[in-house]
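**Student:** I am attaching a structure below and will ask some questions about it afterwards.
The values are calculated or read from the model by the stated rules, or taken from the named source; none is laboratory data. It should be emphasised that the depicted structure is a prediction, and the values quoted were computed from it without experimental measurement. Backbone-built Cβ (ideal geometry, glycine too); neighbour counts: all protein chains shown. The area values use the complete protein model at the heavy-atom level, side chains included, leaving out ligands, DNA and RNA. Shrake-Rupley method; radii C 1.70, N 1.55, O 1.52, S 1.80 Å.
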Amino acid sequence: QLQLMESGGGLVQPGGSLILSCTSSGFTLEYYAVGWFRQAPGKEREGVASVDMTGGYVKYADSVKGRFIIFKDHTNTVTLRMNNLEPEDTGTYYCAAGRGIASGLEGGLYEYWGQGIQVTVSS
């Protein structure tokens, strides 16, 4: 009933760009902070980017800072624009939502999680 859905993943060449979107069903994200996380084979899940409920406060992992942009629009859809992608960005990407929390890159902050989508950066 309460679901998060990721879209926009796929295969892209190094240096290319992708836009991931996170939307909700059964509830609105108006009062939720949203984070993007990723996990590559053999690595721990890591926080990538996050935005608070207002869309005004964002955080980025050092590894993506300057390349990725997170944005929460007026419909409360959250997008992650990924530019200058590197092979190290390959992984399964998840969006997560937490009601009434601040923007943060810690997975424990978030209550609802999407199923994840694959992003592959390869030539």
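**Student:** Which of the residues that make up segment 80-100 are surrounded by fewer than 19 Cβ atoms within 10 Å (Cβ to Cβ) and either touching a residue at least 60 places away in the same chain (Cβ under 8 Å) or aliphatic (A, V, I, L, M) (or both)?
**Tutor:** Within segment 80-100, ARG81, ASN83, ASN84, GLU86, PRO87, ARG99, GLY100 meet the criteria.
**Student:** Going by what's in this entry, would GLY55 be described as in a loop (DSSP other than H, G, I, E, B) and within 20 Å of THR23 (Cα to Cα)?
**Tutor:** yes
**Student:** Quick one: in segment 27-45, which of the residues that are of a type outside the set (S, T, N, Q) and open to solvent by 60 Å² or more (accessible area, probe 1.4 Å) is farthest from LEU80 (Cα to Cα)? Quick ask: steps written out before the conclusion?
**Tutor:** Narrowing segment 27-45 to residues of a type outside the set (S, T, N, Q): 27, 29-38, 40-45.
Then keep just the ones that are open to solvent by 60 Å² or more (accessible area, probe 1.4 Å); that gives 30-31, 41-45.
Details: GLU30: 17, TYR31: 19, PRO41: 21, GLY42: 24, LYS43: 21, GLU44: 20, ARG45: 17 Å.
The selected residue is GLY42.
**Student:** Separate question: Can you pull out every residue in segment 53-79 that is open to solvent by less than 40 Å² (accessible area, probe 1.4 Å), closer than 14 Å to ALA33 by Cβ and either touching a residue at least 60 places away in the same chain (Cβ under 8 Å) or basic (Lys, Arg) (or both)?
**Tutor:** Within segment 53-79, LYS72 is the sole residue that qualifies.
**Student:** Next question, about the same structure. Quick one: in segment 92-102, which of the residues that are within 12 Å of the chain's Cα centre (by Cα) and of a type outside the set (Phe, Trp, Tyr) is farthest from VAL12 (Cα to Cα)? Please lay out each step first, then the result.
**Tutor:** Let us first name the residues in segment 92-102 that are within 12 Å of the chain's Cα centre (by Cα), namely 92-97.
Subsequent filtering for residues that are of a type outside the set (Phe, Trp, Tyr) retains 92, 95-97.
Values: THR92: 14, CYS95: 20, ALA96: 23, ALA97: 26 Å.
Of everything passing the filter in segment 92-102, ALA97 is farthest from VAL12 (Cα to Cα).
**Student:** Say we look at segment 18-50 and pick out the residues that are of a type in the set (D, E, K, R) and in a loop (DSSP other than H, G, I, E, B); which of these is nearest to ALA102 (Cα to Cα)?
**Tutor:** GLU30
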